[in-house]
Amino acid sequence: MGEVVALVDCNNFYVSCERVFDPSLWGVPVVVLSNNDGNVIARSNEAKQLGIEMGTPWFKCAPLVARHGIRVFSSNYALYGDMSRRVMETLAGCVPAMEVYSIDEAFLYLTGMEHFGLEEYGRFIRTRVGGWTGMPVSVGIGPSKTLAKLANRIAKKNPECGGVFNITGHPRVDDILDGIAVENIWGVGSRYARMLHEHGVHSALDLSRAPDAWVRKKMTVMGLRTAWELRGHPCMEMEEAPPPKKAIVSSRSFGRPVEGLDELMEAAAAYTTRAAEKLRRQNSLVCGLTVFLTTNRFKPEPQYSNAATFSLPEPTGYTPHLIRLAHAGLRRIYRTGYRYKKVGIMLFDIVEQGEGQLDLFGGGVDPRRQALMETVDRLNGRFGKSTVSFAAEGRGSSWHMRREHLSPRYTTSWLELPLVR
DNA sequence: TCTGGGGTCCTAGGACCC
DNA sequence: TCTGGGGTCCTAGGACCC
């Protein structure tokens, strides 16, 4: 008896989050925009039908809004993150083991649960998540992650499936794979898709039947794994506990062009603070930091981008230290006369606390600094983000991203709870 | 006319994901 | 006026070492 996994995917996740708290959004076209109200990153089915593509710059499809009464939202990650947590907790109560794959998807381990009836169990999961959180989900079941993904797609595309599709042991599995174009396979992006079509490999069935050596040569071992998974031979492990991040990036586009070094410094300090918080949350320290800045590449004006990288003599998680480095780097690469669009910082060479050079010297982290960071993290965790912040981040700056269509933080702010009349 | 073999580490670039 | 953000993995090739 082989492995069985389910891929549970929230339908139009960000849109559904908005709908949970505003029922007037049901049945009408809704879109959610990326940070800075830049691009469309989520669409309701009604919005998809109007031809709004994923990733379209918002200003290009804004005219459709008036014509079709599209409801539009800036992304509200406080809300989406919290809804995600609720969905994942509900799923965790349904199965012995799972892997949270992204903010809106999880792989569930169903091996050994066949006696419940897999489709039946999928329907149970859907009903429970819908009932407990209000989130509509689709469930795809298969003998490998890739096939579970593929089954999920079928569940979503075919209303008669009722949101659940199981491809495990399906009598017409070849027909099903033949109906899936290579570009819709998990792990096959646009580049590989073009290459495959050029070589006459058009469907998932074609790829599953291609010779191993050829697939490996053209698509590395990653492609080979995908091909095997399509044959129902699992090659990808379940990861129940997410491994610690090897790099942490924090960057944002500005709401308007920024020219002065002072404002860039504030932004860099704010992003460094956020990255350092993430670093400490996974109990890590860092040995490398890069700060970068760039102008708006879409504008016909002088362009400049650059980066400065530092290696630290010993690992740290101390925010003020990292801010000093980011500032030193920024001073080094900053040039006057440009309209900057974005700065960001990246932490790399991340080690777990107690690993690496610390042991070598037996000393390392200053306990008073560590206690200070722990206190700051605890206060911000308990009373909300930026309850305590660093002076270098500035206050009420005007460079923050645009979020002109923001919904309330219904679930994470006492002041913005939904009202029942 | 001749010009080793093998190993490791690092980096840049390319591909993918949501 | 207006074009996101944050990750992972693999490979080839160069540097360097013995």
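The values are calculated or read from the model by the stated rules, or taken from the named source; none is laboratory data. Just so you know, these numbers come straight off a predicted model, no measurement behind them. Cβ atoms come from the backbone with ideal geometry, glycine included; neighbour counts cover every protein chain shown. Areas reflect the complete protein model, heavy atoms only, side chains present, ligands, DNA and RNA absent. Shrake-Rupley method; radii C 1.70, N 1.55, O 1.52, S 1.80 Å.
Inspection of the stretch A:172-182 identifies no residue that is near DNA strand B (Cβ under 9 Å from one of its atoms) and assigned to a helix (DSSP H, G or I). Within the stretch A:29-62, the residues that satisfy the criterion of being touching a Ser or Thr at 6+ places or on another chain (Cβ under 7 Å) and open to solvent by 40 Å² or more (accessible area, probe 1.4 Å) are A:ASN35, A:ASN39, A:ILE41. Show the residue pairs meeting these rules: Cβ distance below 8 Å; 6+ apart or different chains; first residue within the stretch A:240-261 and under 30 Å from A:PRO96 (Cβ atoms) and more than 16 Å from DNA strand B (Cβ to nearest atom); second residue open to solvent by 50 Å² or more (accessible area, probe 1.4 Å) and not aromatic (Phe, Trp, Tyr). Final answer for the pair search is A:PRO244/A:ASN283; A:PRO244/A:GLU352. Within the stretch A:71-86, is there a residue that is of a type in the set (D, E, K, R), within 16 Å of DNA strand B (Cβ to nearest atom) and within 22 Å of the chain's Cα centre (by Cα)? Checking the stretch A:71-86: at least one residue is of a type in the set (D, E, K, R), within 16 Å of DNA strand B (Cβ to nearest atom) and within 22 Å of the chain's Cα centre (by Cα). Selection of the stretch A:26-84 for residues being within 13 Å of DNA strand C (Cβ to nearest atom) and among the aromatic types (Phe, Trp, Tyr) yields A:TRP58, A:PHE59, A:TYR77, A:TYR80. Number of residues in the stretch A:125-146 that are open to solvent by 20 Å² or more (accessible area, probe 1.4 Å) and part of a helix (DSSP H, G or I) equals 6. Residues of the stretch A:147-165 that are within 17 Å of A:LEU118 (Cα to Cα) and part of a loop (DSSP other than H, G, I, E, B): A:GLY162, A:GLY163. Of all residues in the stretch A:155-164, at least one satisfies being closer than 17 Å to A:TRP186 by Cα and touching a helix residue (DSSP H, G or I) at 6+ places or on another chain (Cβ under 7 Å). For the stretch A:208-221, check the following and say yes or no: at least one residue is under 27 Å from A:LYS156 (Cβ atoms), near DNA strand B (Cβ under 9 Å from one of its atoms), assigned to a helix (DSSP H, G or I) and without any contact (Cβ under 8 Å) to a residue 60 or more places away in the chain. Taking every residue of the stretch A:208-221 in turn, at least one turns out to be under 27 Å from A:LYS156 (Cβ atoms), near DNA strand B (Cβ under 9 Å from one of its atoms), assigned to a helix (DSSP H, G or I) and without any contact (Cβ under 8 Å) to a residue 60 or more places away in the chain.
Summed over the stretch A:209-234, the residues that are within 10 Å of DNA strand C (Cβ to nearest atom) and within 19 Å of A:ALA148 (Cα to Cα) give a count of 4.
Looking at the stretch A:1-39 only, could you name the residues that are under 25 Å from A:HIS400 (Cβ atoms), within 14 Å of DNA strand B (Cβ to nearest atom) and hydrophobic (A, V, I, L, M, F, W, C)? A:PHE13, A:VAL15, A:CYS17, A:VAL32 - these are the residues of the stretch A:1-39 that are under 25 Å from A:HIS400 (Cβ atoms), within 14 Å of DNA strand B (Cβ to nearest atom) and hydrophobic (A, V, I, L, M, F, W, C). In this structure, does A:THR168 turn out to be within 16 Å of DNA strand C (Cβ to nearest atom) and either outside any helix (DSSP H, G or I) or closer than 20 Å to A:LEU110 by Cα (or both)? No; evaluated as a whole, the condition is false for this residue.
Scanning the stretch A:322-367 for residues that are in a helix (DSSP H, G or I), modelled with pLDDT of 90 or more and open to solvent by 70 Å² or more (accessible area, probe 1.4 Å) yields A:ARG324, A:ARG331, A:ARG332. Per this entry, A:ASP377 is counted among residues that are of a type in the set (Asp, Glu), out of contact with any His (no Cβ under 6 Å at 6 or more places or on another chain) and at pLDDT 90 or above.
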